[in-house]
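Undergrad: What follows is a single structure, and I will ask about it in a moment.
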Amino acid sequence: MCSTITFRDGWVSIAVDISGQQTDNLGQLGLVAKHPMSPTLSVPSRYLFRLLEVLTRHRISAVKYVQNLGLTVDELSESKRRINYDSYLAAVTEVLSDTEIPAFGLKVGRNVKVVDHGVLGYAFISSANLLKGFEIFSLYQKIQGPIVNVSLRRDRSDAIYTAEKSRPIDTRLYKFGIASWLGEATNIRSLFDAGKLEFKLARVAFPEPASADEYRDLLRCDIRFGEPVNELIFPAEFLDLRFSLAEESVAEMCAQQCEEILREMTSEHDVVDDVRRALLHQPGEIQNLDMVARQLNVSARTLRRRLQAADTSFREIQAEVRMSLAAEYLLHTHLPIAEAAHLLGYSDVTAFHRSFKKHYDVTPAQYRQQTAH
């Protein structure tokens, strides 16, 4: 495999020549992978494109889901294009509200190609082996704004691949993210010249769906739903097998570019995580920007400026955290709705109802009833 990496106009381009290599399961590796050297929180537009492809295969029009983006479906397929993270989540949420395709998230994940992750995907597939690839991927996954974060560890003869939510999100998005992760994980099988990777066990932290047999057919292993963690377990011997597309010099250069992107993001987006954590520590208290700024040892003016630079505001983060906690209370506890509202700092249950319906487009009672099925 030969490669050329260039930097121009704030972009990194990696052109890869894989003559003679099998590419059907890895996507079109001859495409140029690009990533803007920008701190704006965004995701590759191909994430949404792969989701919409699944809709199209089920004869569902994808047009309405890109209208708010001002893009066409074909434009989403462009390798260099990225879209705002919140816009991506909004589009996914709308699709999940509209569709009842069985095992939808699983099918979307299966449809995602390694190179859809851009420069991070190239860093992964050009690594020496699975262990090295996951070291890079887990270290820099933040640059792609994932719904779930992944990690890998070795436990004697087992390799344990795990996923957990990357930020407060509602239950539907969380289930979609985990299902997509499972589907995409099956693509790992195609990265080896020799040896056929098979999973030994899957643990999934959501109840068994009606489409459970589709999960079993794709993963080809025992699956245990309703577990406290999300884990895929496979033989650790595969961690050290050489990738068929391994080229360490490419992996190193791609990793350096990921480091640069992450460095530019960190100064502005870590503050968003810091505010979320501060609010989560005191979920029942009405905290204002001044109070959180004191906890973070910065002035309110500085905090406001940093949040603006990260394209958000204190009020938006506060609403996101409260609604995420509200969904967790309604799904995982039997608390009366009025008590849940009180725990979230609402003195008036009517205000809680109004905020919840604005965020989720259903009332708290309807949400609890829907997610119970």
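Undergrad: I'd like the full set of residues that are surrounded by 14 or more Cβ atoms within 10 Å (Cβ to Cβ) and hydrophobic (A, V, I, L, M, F, W, C), limited to the range 339-373.
TA: Passing the criteria: 340, 341, 343, 344, 349, 352, 356, 362.
Undergrad: Looking at residue 51, is it closer than 25 Å to residue 320 by Cα, in contact with a helix residue (DSSP H, G or I) (Cβ under 6 Å, 6 or more places away or on another chain) and assigned to a helix (DSSP H, G or I)?
TA: yes
Undergrad: Given (1) over 18 Å from residue 180 (Cβ atoms); (2) in contact with a His (Cβ under 6 Å, 6 or more places away or on another chain), where does residue 101 come up short, assuming only one miss?
TA: Single failed check for residue 101: (1).
Undergrad: Mind counting the residues in the range 106-121 that are at pLDDT 90 or above and over 17 Å from residue 183 (Cβ atoms)?
TA: Total satisfying the criteria: 1.
Undergrad: Among the residues of the range 48-80, write down those that are free of Cβ contacts under 8 Å to residues at least 40 places away in the same chain and charged (D, E, K, R).
TA: 57, 59, 64, 74, 75, 78
Undergrad: I've got another one for you. From the residues in the range 57-111 that are hydroxyl-bearing (Ser, Thr, Tyr) and in a loop (DSSP other than H, G, I, E, B), which one is farthest from residue 170 (Cα to Cα)?
TA: Among those residues, the one meeting the criterion is 79.
Undergrad: Working only within the range 207-229, note down all residues that are assigned to a loop (DSSP other than H, G, I, E, B) and small (Gly, Ala, Ser).
TA: Of everything in the range 207-229, those that are assigned to a loop (DSSP other than H, G, I, E, B) and small (Gly, Ala, Ser) turn out to be 210, 211, 226.
Undergrad: Among the numbered criteria (1) surrounded by 13 or more Cβ atoms within 10 Å (Cβ to Cβ); (2) within 30 Å of residue 100 (Cβ to Cβ); (3) modelled with pLDDT of 85 or more, which single criterion is violated by residue 306?
TA: Only one criterion is unmet by residue 306, namely (2).
Undergrad: Can you spot a residue in the range 103-120 that is more than 16 Å from the chain's Cα centre (by Cα) and over 27 Å from residue 246 (Cα atoms)?
TA: yes
Undergrad: Run down 295, 257, 282 and say which single residue is at pLDDT below 85 and in contact with a strand residue (DSSP E or B) (Cβ under 8 Å, 6 or more places away or on another chain).
TA: 257 is the lone residue from the list that is at pLDDT below 85 and in contact with a strand residue (DSSP E or B) (Cβ under 8 Å, 6 or more places away or on another chain).
Undergrad: Somewhere in the range 332-355, is a residue aromatic (Phe, Trp, Tyr), part of a helix (DSSP H, G or I) and within 17 Å of residue 169 (Cα to Cα)? Quick ask: steps written out before the conclusion?
TA: First, the residues of the range 332-355 that are aromatic (Phe, Trp, Tyr): 346, 352.
Filter again for part of a helix (DSSP H, G or I), leaving 352.
From what is left, the residues that are within 17 Å of residue 169 (Cα to Cα) are none.
Looking for residues that are aromatic (Phe, Trp, Tyr), part of a helix (DSSP H, G or I) and within 17 Å of residue 169 (Cα to Cα), one finds none in the range 332-355, hence no.
Undergrad: If you don't mind, there's one more thing I want to ask. List the residue pairs whose Cβ atoms are under 9 Å apart, where the first residue sits in the range 93-113 and is on the phi > 0 side of the Ramachandran plot and hydroxyl-bearing (Ser, Thr, Tyr), the second is surrounded by 14 or more Cβ atoms within 10 Å (Cβ to Cβ) and in a helix (DSSP H, G or I), and the two are 6 or more positions apart or on different chains.
TA: none
Undergrad: Of the residues that sit in the range 148-170 and are among the β-branched types (Val, Ile, Thr) and in contact with a strand residue (DSSP E or B) (Cβ under 7 Å, 6 or more places away or on another chain), which one is nearest to residue 227 (Cα to Cα)?
TA: Across the range 148-170, the extreme among qualifying residues is 162.
The values are calculated or read from the model by the stated rules, or taken from the named source; none is laboratory data. Given the structure is predicted, the values throughout are model-derived calculations rather than measurements. Every residue, glycine among them, receives a Cβ derived from its backbone with ideal geometry; neighbour counts consider all protein chains shown.
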